[in-house]
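What follows is one structure encoded as structure tokens, with my remarks underneath.
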Amino acid sequence: METTSSSLPLADKPKPNYLTASYGIKSWLLTLDHKRIGILYIITLTTFFMMGGVYAALIRLELLTPAGDLLSSEAYNRTFTGHGVLMVFFVLVPLIPATMGNFLLPLMIGARDVAFPRLNLLSWYLLVIGGLTAASALLTGGVDTGWTFYAPLSSRYANGAVLVAIVGAFIAGFSSILTGLNFVITIHKMRAPGLTWFRLPLMVWAIYATSLIQVLATPVVAITLTLLALERLFGVGIFDPALGGDPILFEHMFWFYSHPVVYIMILPAFGVMSEVISCFSKKAIFGYRIIAYSSLAIAALGFIVWGHHMFVSGQSAYLGLVFSLLTMLIAVPTAIKIFGWLATMWGGSVELATPMLYAMGFIGLFTIGGLTGLFLAAMGLDVHVHDTYFIVAHFHYVMVGSAIMGYMSALHFWWPKMFGRMYPKTLAKVAAVLVFVGFNLTFFPQFVVGYLGMPRRYHFYPPEFQIYNVFSTAGAMVLGIAYLLPLLYFPYSLFKGEKVGANPWGAKGLEWETASPPPTENFEFTPVVTEEAYAYAKEGEPVVH
Amino acid sequence: MWETLFRDFSFLPEQASEHAGQVDLLYFFCVALTAVFTVLIPAVMVFVAIKFKRKSDDEVPKPVHGSLPLEIAWSVIPFVVTMVLFGWGAVLFFNYSSPPPNSLDVHVVGKQWMWKIQHPEGKREINQLHVPVNQPIRLIITSEDVLHSFYLPVFRIKRDAVPGRYQTMWFEATKTGEFHLFCAEYCGTEHSLMIGSVIVMSPEEYDQWLQTDDQDGSETPVAAGERLFSELRCNSCHNGAGGNGPSLDSLYRTRVAFTDGTNAIADESYIRESIVDPRRHTVAGFGPMMPTFQGQVSEEQVFELISYIKTLGVE
């Protein structure tokens, strides 16, 4: 072996990248390289996503008919709980920050790694341990409380492995806190020379805002779940009025975390949109600063709107007024972003590559998801649609339609950077269109059946609601196939995909200046930044302000 | 099969109250708003994708970094629109939570997995709510165990049933017929079977229905409360003659001052709290000596006691 390698001329040996720097399972499980950790997250979250998807398929099959003929009521309740717990805590919360954020953040700011690489690896292990704990609860005893764990049902009445599921979510919460902390410090301390705050890609701004929420909000859900466990284990009266507790307190504490969580899911997707849309329009982002500030505004406002989940719960009507008003205000920074992206595309050089198709799909779905949020923020209207399928449709438009579309856009955009190979482009475009069609067919009818009055989490339902459920189930089949396609062509592209250079899309940003795949140390020399983000225009070109 | 499926196709549940019509109006406004943007934004994207399609690989479009007037426009217009929605929604909400004074009080207790309902005349029913048309009905809702939610889609109203507290909402049916009643807050295994119907009848039919004696007793809540009041020996302190407890005469809807300097309006929730958790607030001028009746009286009995106390000292 030694003789062979030493006899080769040095120039012929390809320079190792982060994938070829070392081999073997140990080199992955003990890696401190943010890029490898990003890949580990992609594999982990894809696994949890498929498990959550199986639960979704069972739900849609059961609801094809009004009679509860496929599963027992108990099994059905466990199914939608499993779907919610896995998808929210173990897929959507870590989705973009943990996968794309880990891989890209140091590359985007010209750093060698994140600030604390060992903490970063620990975060991944915590998510895996939390996920396996929750999955074991779901698969063995089952949990039938819904992912919201409302007390006193969850603390005093529900059977099953509620405690184990809570412990799983609790552990995963620490993964989220540590990742957020790591990213905040990395962004503050490790930017390349010349990379000032207002030269940062908007993706970094979005990850920064997200990380702040992760650090500040997640401890509250940890406290809430601990109190719930105390009541369930030892009968300490906190939420159950029979023990002197207050169930509304649980709702307040739960939504104080779980509303900001929606912004943990959606803000990074906003960041992806800014990168993808500027690249495939070959134009600087319209209103860079106001888009950066709007991320922070959404993060801040997101903390003070949780009571809009509780208009009919017994919260004071005057408190409800305040929450309704504040919720309405979120429409402003959100509108700024959407119109900013449209204005970026306007007059650009637009290419409908796969990431751009997903980005346009995102804008379409997020428009509906965001505007239907206004229905729910209007108190008198929310009274009717609260806890119906209207809500189910709304939050899937935001959390799946938008967050997953954003993730898919990111994955297709940075895949060639991650692996140095391109996926089959036509097939990917077909999948993107199928996701859009399947998604709308699944969830649009749920707005209608929700307004007609079909409550959520219903195993049996009145027969007049069937037609909408038939559409939904048909759409879910299309969506399922559309999500399976990337599972086939991405692995295929790793071996057979066309090899690409450092910057296949002609994009701006430091990550495109290093090789694809990047070397372990990211950059051969520390990059020095001398220009604004998205400087697609030629030097000396007049700039319209 | 398809004909049966599509026979039920519609976009609105029946409107069986004036409030329902008002909620639908706000809904139409929101739908129109959503429709405009859902058509406009994708239309702009399609237009852009065609008009500004990349022509060559080295094409460099003219950079535009922003436009203050545009940015102000798309911040201010959404702000104004959402403030209209906020005000409109708030007015509807206060309408739904402010019953007119001539309402009939109907008591609702949720438990896993049924709705127990009692009428002011004493008639009880389960999973069915019979009401007269054109008469405001105020529902006083609570739960014996976990959270539930009493949902009547034809009136566009729901309210969570929360153990340990009373919640109210009201409606005035304008249409006779039988309509859905759902539990909307997930409450465990048979949540989707915790359903029933609201039956709106003409006043004559309702009176007739009240007369049908299909159960034992049908004592009115006031009479039952009076009997309980003496059985539980409430009157040994609350006798209005210098006993250990404050007089309950004309208590309902008056302001009560407490030893800690705070005060409250004596509504159903306050009277309920005084029975099950009397030490939480002590009426000024009295000592904290009343024992709790939590666990000794059922939710229905608490309601009967309250119904009786509301009549004390009232001509």
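The values are calculated or read from the model by the stated rules, or taken from the named source; none is laboratory data. Quantities reported herein were computed from a predicted structural model and do not represent experimental measurements. As a convention, Cβ positions derive from the backbone with ideal geometry for all residues, glycine included, and neighbour counts pool all protein chains shown.
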Unique match (being more than 14 Å from the chain's Cα centre (by Cα), modelled with pLDDT of 95 or more and farther than 27 Å from A:ALA137 by Cα) among A:ARG36, A:ARG60: A:ARG36
Identity of the residue in the range A:234-281, touching a helix residue (DSSP H, G or I) at 6+ places or on another chain (Cβ under 6 Å) and aromatic (Phe, Trp, Tyr), that ends up farthest from A:VAL350 (Cα to Cα): A:PHE239
Odd one out for B:PRO69, checked against (1) more than 10 Å from chain A (Cβ to nearest Cβ); (2) farther than 30 Å from A:GLY340 by Cβ: (2)
Residue within the range B:104-124 that is free of Cβ contacts under 8 Å to residues at least 60 places away in the same chain, within 16 Å of B:ALA20 (Cβ to Cβ) and of a type outside the set (Phe, Trp, Tyr) present: no
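Would you kindly identify the helices (runs of 4 or more DSSP H) lying entirely within the range A:330-410 that contain at least 3 residues that are within 8 Å of chain B (Cβ to nearest Cβ) and in contact with a helix residue (DSSP H, G or I) (Cβ under 8 Å, 6 or more places away or on another chain)? Talk me through it step by step, then tell me what you get.
Numbers: elements: A:331-345, A:354-377, A:379-385, A:389-396.
Per the criteria, A:331-345, A:354-377, A:379-385.
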Members of the range B:86-140 that are part of a helix (DSSP H, G or I) and among the hydrophobic types (A, V, I, L, M, F, W, C): B:PHE86, B:TRP88, B:ALA90, B:VAL91, B:LEU92, B:PHE93, B:PHE94
Filtered residue count, the range A:394-418, keeping only those that are small (Gly, Ala, Ser) and either in contact with an Asp or Glu (Cβ under 8 Å, 6 or more places away or on another chain) or modelled with pLDDT of 95 or more (or both): 3
Evaluation of A:PHE323 against (1) in a helix (DSSP H, G or I); (2) hydrophobic (A, V, I, L, M, F, W, C); (3) under 30 Å from B:LYS51 (Cβ atoms) (one fails), failing number: (3)
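Kindly provide the set of residues from the range B:225-253 that are of a type in the set (Lys, Arg) and in contact with a Phe, Trp or Tyr (Cβ under 6 Å, 6 or more places away or on another chain), ordered by number. Walk me through how you get there before you give the answer.
Taking the range B:225-253 as the starting set, the residues that turn out to be of a type in the set (Lys, Arg) are B:227, B:233, B:253.
Hits for the range B:225-253: nothing passes.
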The one condition in (1) part of a helix (DSSP H, G or I); (2) at pLDDT 90 or above; (3) in contact with a Gly (Cβ under 9 Å, 6 or more places away or on another chain) that A:TYR293 fails to fulfil: (3)
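When you go through A:GLY52, A:GLY68, A:GLY146, A:GLY160 one by one, which is the residue that is of a type outside the set (Val, Ile, Thr), under 23 Å from the mean Cα position of the chain (by Cα) and within 14 Å of chain B (Cβ to nearest Cβ)? First the steps, then the outcome.
Details: A:GLY52 fails: within 14 Å of chain B (Cβ to nearest Cβ); A:GLY68 fails: under 23 Å from the mean Cα position of the chain (by Cα); A:GLY160 fails: under 23 Å from the mean Cα position of the chain (by Cα).
Being of a type outside the set (Val, Ile, Thr), under 23 Å from the mean Cα position of the chain (by Cα) and within 14 Å of chain B (Cβ to nearest Cβ) holds for just one of A:GLY52, A:GLY68, A:GLY146, A:GLY160, which is A:GLY146.
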Top-ranked residue in the range B:50-66 [being more than 7 Å from every other protein chain (Cβ to nearest Cβ) and not charged (D, E, K, R); ranked as farthest from A:TYR536 (Cα to Cα)]: B:ILE50
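Quick check: is even one residue across the range A:475-491 touching a Leu at 6+ places or on another chain (Cβ under 7 Å), closer than 30 Å to B:ALA20 by Cβ, touching a residue at least 60 places away in the same chain (Cβ under 8 Å) and surrounded by 17 or more Cβ atoms within 10 Å (Cβ to Cβ)?
Looking through the range A:475-491, none of the residues is touching a Leu at 6+ places or on another chain (Cβ under 7 Å), closer than 30 Å to B:ALA20 by Cβ, touching a residue at least 60 places away in the same chain (Cβ under 8 Å) and surrounded by 17 or more Cβ atoms within 10 Å (Cβ to Cβ).
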Subset of the range B:154-172 that is more than 9 Å from every other protein chain (Cβ to nearest Cβ) and touching a Pro at 6+ places or on another chain (Cβ under 8 Å) - its residue that is farthest from B:GLN301 (Cα to Cα): B:GLU172
